[in-house]
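See structure below.
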Amino acid sequence: MKKRIIVTGGAGYIGSHVVKALGERGYDVLTYDNLSTGNRWAVLHGDLVVADLSDSATLERVIRGFRPDAVMHFAASIVVPESVREPLRYYRNNTVNAIHLLEALQKFGVNTFIFSSTAAVYGIPGTMLVNENTPLHPINPYGSSKMMTEYILKDLSVALGDFRYVSLRYFNVAGADREGGIGQAYKEATHLITRALKTAKGEFQKLQIFGTDYPTPDGTCIRDYLHVDDLAEAHILALQYLLDGGRSDVFNCGYGRGYSVREVVGMARKVTGMDFSVEETARREGDPPALVADSSKIREKLGWRPQYDNLEYIVKTAWEWETAKRKT
Ligand code: UDP
């Protein structure tokens, strides 16, 4: 029997890559997405239900009808500076809606759950490499809203012996699938690689570098950039692990290597062949100086073997996506 998976946020950037990977591996997929930032065309497998997670009646009808074996929960708001400006919206969408989803799943006895978490739960860690035992001290509402959901999942798994989950803490996800015709398609681009490539394309006059006085070798922030297809594979492994009876757990997803903003800008210039303008400006609120994953746990426990640990490849696939004729 094919396993049946509901993917919330399956029309979004990461969700759509996971829906593609699930479809290719023979899972039955249903995407539940309000299309606030996602796109209908990005859902390459299975049905799409356009609804909000706050709409409990629709949510319950969908769960009752589809009878999922597991749920993967991507639907969330993800822009750090926006979360600083609009904390209530972030807590509502990321934390309260996760509760709605979990309540609905409990009604129908769905006990297998994969959660999109984030390295933002670590805040400003004391070490360069962050492992899963590094204390959680988020420094922005986005990270706090995700951390709260992690706590809820943990408490639920203690309260209900049958409920098992995996939280995947993503570092900086970028790049695009080469065959799917999918990629990052937010109306407002805020992430560094996308922003740099759109500047190269002429959509913005210049790229701003937010802060050059960080305690890092070149003064700009360091992040662990991870190709979205490697991340999708991590989800497949986590799902198989839970479906095989694995216990609840938390895993970092990153390569274990960091690049500064300046290094990313250099790579974007190299890949695009454009010497686009850069302006050094003040720090952006809520940015930790460096976040790099210790990903030994997911490699050892789930057997994750990333294929695309290469900044040039990541930027190149993102550039191909940016410059491709896009379906809208
Ligand atoms: N950044 C930047 N200019 C931009 C966008 C981002 O200098 O136009 C920096 C940002 O301050 C951070 C890093 O790039 O240090 C990664 O930011 P992004 O928004 O891509 O991801 P985040 O780490 O916030 O999830």
By average C-beta atoms within 10 angstrom, highest first, the peptides 158-165, 105-112: 105-112, 158-165
Across 20 Å bins beginning at 0, the whole-percent shares of Cα-Cα pair distances in the chain come to 33, 60, 7
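Reported to two decimal places, what Rg/Rh ratio describes the range 1-151 when computed on Cα atoms with Rh from the Kirkwood expression? Please list the in-between numbers first.
Working: Rg = 15.7 Å, Rh = 15.9 Å.
Reported Rg/Rh (Cα atoms, Kirkwood Rh): 0.98.
For the range 1-108, what is the relative contact order in percent, using Cα pairs closer than 8 Å and at least 6 residues apart in sequence? It would help to have the intermediate numbers written out before the result.
Values: 168 pairs, mean separation 31.5, N = 108.
Rounded, it is 29 percent for the range 1-108.
Would you mind checking K20/K301; K154/K316; K187/K316; K3/K316; K3/K107; K3/K198 for any pair whose Cα atoms are more than 28 angstrom apart? Could the numbers behind the result be given before it?
Details: K20/K301 24 Å; K154/K316 38 Å; K187/K316 21 Å; K3/K316 34 Å; K3/K107 20 Å; K3/K198 39 Å.
Exceeds cut-off: K154/K316; K3/K316; K3/K198.
Only four residue types carry charge here, +1 at the Cβ of Lys and Arg and -1 at the Cβ of Asp and Glu. Report the dipole size of the chain about the Cα centre in Debye, rounded to the nearest 20.
Values: 39 positive and 39 negative charges, 104 e Å.
The dipole of the chain has a size of about 500 debye.
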List the trypsin sites (Lys or Arg not before Pro) within the range 1-33 that DSSP assigns to loop and that have no more than 16 neighbouring Cβ atoms inside 10 Å. K2, R25
Semi-axis lengths, Å, the range 28-116, gyration tensor of Cα atoms, sqrt of 5 times eigenvalues: 22, 16, 11
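Bear in mind these aren't lab numbers, they're just calculated from the coordinates by the rules spelled out. These numbers were taken from a predicted model, which means no experiment stands behind them. Glycine gets a Cβ as well: all are built from the backbone with ideal geometry, and neighbour counts include every protein chain shown.
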